[in-house]
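> Have a look at the structure that comes next, please.
No lab work stands behind these numbers, since they all come straight from the coordinates. None of the values given here were measured: they were computed from a predicted structure. Here the Cβ is made from the backbone with ideal geometry for all residues, glycine too, and neighbour counts use every protein chain on show.
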């Protein structure tokens, strides 16, 4: 497991470096360069936080697994169940990240760039690593080995990083089944027809089932519907939390406050 994570990190770092070199050879404008720098800082925070949280995740998953009364032997069918289950949790967690103020607060960081390249894959809010794994923990209680869940999440994370590119076009039938660069470009688009679409991790299965799939037709316009216009890593990370901090106290009563936290994001 550790070997895979190290190898995956090396591979995506190499892919990132190649993409950066290709971008710089095109002599991009200042905004693009600043965006690359911000994404790199955010990526470093993700890597450092991830190193720490892997141990926490494994401990929580192991505790949940210890309480499971159903612990099947590892087999081909358990792998299929594991892959489909982890991908569903990814879709559901991602759906919450787009549909609720509470979870959008961290996820907005990833969508805030107005550019789309592999550095955007690093542009993730490290704060969500402290609670994100809890959504996967019930799978261990239901009988999936902790190492399997962690492995599948690592594979998903690597694949999700690599789809942040405009250098790969449409891939035909693969775009229907998999989270490809074309599908993920749609996901980052603020075009009305693209908002909250293509939420899958590895596959597009649940997007087709739940009506959140959209093909790439028009060229995506990247960013947020309300751009934050900053390259400050601190502001990129905290912008939505600050907005919530301003609005939350205005809601009177517990019900109103909860309704606000789980309402559709306004930014």
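> Report whether or not residue 113 is touching a residue at least 12 places away in the same chain (Cβ under 8 Å), in contact with a strand residue (DSSP E or B) (Cβ under 8 Å, 6 or more places away or on another chain) and surrounded by 18 or more Cβ atoms within 10 Å (Cβ to Cβ).
Yes: the conditions hold for residue 113.
> Can you confirm whether residue 178 is within 22 Å of residue 90 (Cβ to Cβ), surrounded by 15 or more Cβ atoms within 10 Å (Cβ to Cβ) and touching a strand residue (DSSP E or B) at 6+ places or on another chain (Cβ under 7 Å)?
Judged against the criteria, residue 178 is a match.
> Condition test on residue 61, is it in contact with a helix residue (DSSP H, G or I) (Cβ under 7 Å, 6 or more places away or on another chain), under 28 Å from residue 206 (Cβ atoms) and in contact (Cβ under 8 Å) with a residue 40 or more places away in the chain? Full working, then the answer.
Values: in contact with a helix residue (DSSP H, G or I) (Cβ under 7 Å, 6 or more places away or on another chain): yes; under 28 Å from residue 206 (Cβ atoms): yes; in contact (Cβ under 8 Å) with a residue 40 or more places away in the chain: yes.
Yes; evaluated as a whole, the condition is true for this residue.
> Among the candidates 183, 191, single out the residue that is in contact (Cβ under 8 Å) with a residue 24 or more places away in the chain and more than 22 Å from residue 19 (Cβ to Cβ).
On inspection, the qualifying residue turns out to be 191.
> Taking region 9-50 as the region of interest, how many residues are closer than 21 Å to residue 114 by Cα, surrounded by 17 or more Cβ atoms within 10 Å (Cβ to Cβ) and free of Cβ contacts under 8 Å to residues at least 60 places away in the same chain?
Residues in region 9-50 being closer than 21 Å to residue 114 by Cα, surrounded by 17 or more Cβ atoms within 10 Å (Cβ to Cβ) and free of Cβ contacts under 8 Å to residues at least 60 places away in the same chain: 0 in total.
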